[in-house]
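Working notes for the structure below.
Readers should treat all values here as calculations from the given coordinates under stated rules, not as data from a laboratory. Because the structure is predicted, anything quoted here is derived from the model rather than measured. Note that we place each Cβ from the backbone using ideal geometry, even for glycine, and neighbour counts take in every protein chain shown.
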Amino acid sequence: MSEMLVIGAGALGLATAEALLIRGAKVTILERAQVGQESSWAGGGILSPLCPWDYPEEVTRLALRGMGMFAGFAENLHATTGIDPEYQRCGMLVMPPFDMQAANQWCAQHGFSVEQRGDALLLPDVAQVRNPRLLQALRTRVESLGGRIVEQCTVKEFILDSDRVKHLSTSQGDFSADTYIVTAGAWSKALLGDHALHTDIKPIRGQMLLFKFDTPPLPHIVLQDGLYLIPRRDGHLLAGSTLEDVGFDKSTTDEARATLLQRAIAILPSLKDMPIVKHWAGLRPASPGNIPTIGRHPELQNLFINSGHFRYGVTMSPASVEVLLNEMEGTPQPFDVSAYRWR
């Protein structure tokens with residue numbers, strides 16, 4: 001049985017570990033803090049690029065495949081763990097300003113359902129998932145399959161033996177395996193150091209607000225000019241999010257709180273009298289063009305990466321794991337994956 005070491009226990013790391021465990025591998029996950037408490041937890045869980053027609057084909061190709069796989073992925077997690085990730089196809093209403101012609105053209109080309117609602121567009125097939133519950137389900141699933149998770153474990157150095165990683169030096173001692181997979185999100189480039197090569201992943205802060213209604217105040221997700229409102233089944237409503245290049249600073253700001261609140265009230269006036277239940281920030285693993293890096297290291301035979309998904313790590317996770325495992329096993333890919341290779 002081959003031994004795998006996964007570095008980073010967010011959505012990508014846990015989903016990667018689950019797939020490897022199902023294939024009979026022995027898997028250890030090292031997490032620098034706590035499982036699933038970074039970008040994966042902090043996000044809104046919209047399972048689609050916000051305006052897919054604004055993104056490169058390399059992004060939408062991977063996102064669409066992930067979106068197509070997600071219902072089964074979530075259903076399997078619910079069935080095997082008893083934890084409901086609350087996957088629901090609620091639709092997303094895109095309000096102006098946006099390029100109506102480009103939107104309709106993209107939807108037609110990709111077989112993506114669209115309904116015109118005045119000067120807005122409803123994308124009825126867009127789904128959402130409740131991130132914290134998804135992460136709980138993934139952790140439970142990984143542990144039930146025999147995966148070992150080591151928290152508060154910071155990787156300090158990759159120790160090499162010619163063109164292979166021999167072991168990892170960490171804050172909790174040395175760890176060795178046959179294969180090493182970096183799924184450390186915004187920390188991936190810093191973690192890899194000189195081994196990152198041309199992989200360009202950096203943190204971009206996003207801040208969110210949470211409200212609570214007795215019943216869902218909206219029938220679907222609403223998006224306007226980068227701001228989204230996400231209604232949960234139990235009446236919670238998320239408003240997000242900012243895009244801030246501030247390094248590894250996860251603090252929240254009064255300025256972002258005021259801006260998000262003002263813009264959210266403009267879309268849903270009933271928010272004016274609602275208290276803010278919570279205000280938080282997370283660090284997305286930003287990459288040029290939103291295109292992640294998935295695959296084998298060009299110089300180190302037993303080192304792989306599945307990271308840099310920017311805003312769409314959860315959406316892309318089932319498809320990204322598929323691409324990674326195909327590369328590891330030499331299996332044909334579902335589409336051209338050259339754009340995701342480690343440079």
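Near Glu38, within a Cβ-to-Cβ distance under 11 Å, what is the net charge of the other residues, with Lys and Arg +1 and Asp and Glu -1?
+2
With both bridge residues required to lie in the chain, what share of the DSSP beta bridges run antiparallel, to the nearest 5%?
70 percent
Using unit Cβ charges (K, R positive; D, E negative) and no other charged atoms, how large, in debye to the nearest 20, is the dipole of the chain about its Cα centre?
Once rounded to the nearest 20, the dipole reads 520 debye.
Around Ile305, under 14 Å between beta carbons, what's the net of Lys plus Arg minus Asp minus Glu among the other residues?
+1
Ordered by residue, what ³J(HN,Hα) values in Hz, to whole numbers, does the stretch 289-304 give under the Karplus form 6.51 cos²θ - 1.76 cosθ + 1.60, where θ = phi - 60° and Gly and Pro are x?
x, 6, 8, x, 10, 9, x, 7, 5, x, 10, 10, 4, 10, 10, 10
³J(HN,Hα) across the stretch 218-233 via Karplus (A = 6.51, B = -1.76, C = 1.60, θ = phi - 60°), whole Hz, x for Gly/Pro?
9, x, 8, 5, 10, 10, 9, 6, x, 9, 10, 10, 10, x, 8, 4
Rounded to the nearest 500 deg cm²/dmol, what is the calculated helix-only ellipticity per residue at 222 nm for the chain, with -39500 (n - 2.57) per DSSP H run of length n ≥ 4?
Theoretical 222 nm ellipticity from helices: -9500 deg cm²/dmol.
Work out the length of the dipole vector of the stretch 20-71 about its Cα centre, built from +1 on the beta-carbon of each Lys and Arg and -1 on the beta-carbon of each Asp and Glu, and round it to the nearest 20 debye.
Taking the Cα centre of the stretch 20-71 as origin, the dipole is about 340 debye.
If you place +1 on the Cβ of every Lys and Arg and -1 on the Cβ of every Asp and Glu, how big does the dipole about the Cα centre of the stretch 202-286 come out, in debye to the nearest 20?
Rounded to the nearest 20 debye, it is 220 debye.
What's the ranking of 172-178, 332-338 by average number of surrounding C-beta atoms within 10 Å, highest first?
Descending packing order for the listed peptides: 172-178, 332-338.
Applying the Karplus parametrisation 6.51 cos²θ - 1.76 cosθ + 1.60 with θ = phi - 60° to the phi angles of the stretch 107-121, what ³J(HN,Hα) value in whole Hz is obtained for each residue in order, glycine and proline being reported as x?
4, 5, 5, 9, x, 9, 4, 8, 10, 7, 10, x, 9, 10, 10
Could you pull out every one of the lysines with an alpha carbon less than 17 Å from that of Lys250, ignoring same-chain neighbours closer than 8 positions?
Cα-Cα hits under 17 Å: Lys202, Lys278.
Please rank Ile149, Ile22, fewest neighbouring Cβ atoms within 10 Å first, as an exposure proxy.
Going from sparsest to densest Cβ surroundings: Ile22, Ile149.
Could you please report the charge total around Thr199, scoring K, R as +1 and D, E as -1 over all other residues with beta-carbon less than 12 angstrom from its beta-carbon?
Result for the local shell: +2.
Could you line up Phe70, Phe158 from fewest to most neighbouring Cβ atoms inside 10 Å?
Phe158, Phe70
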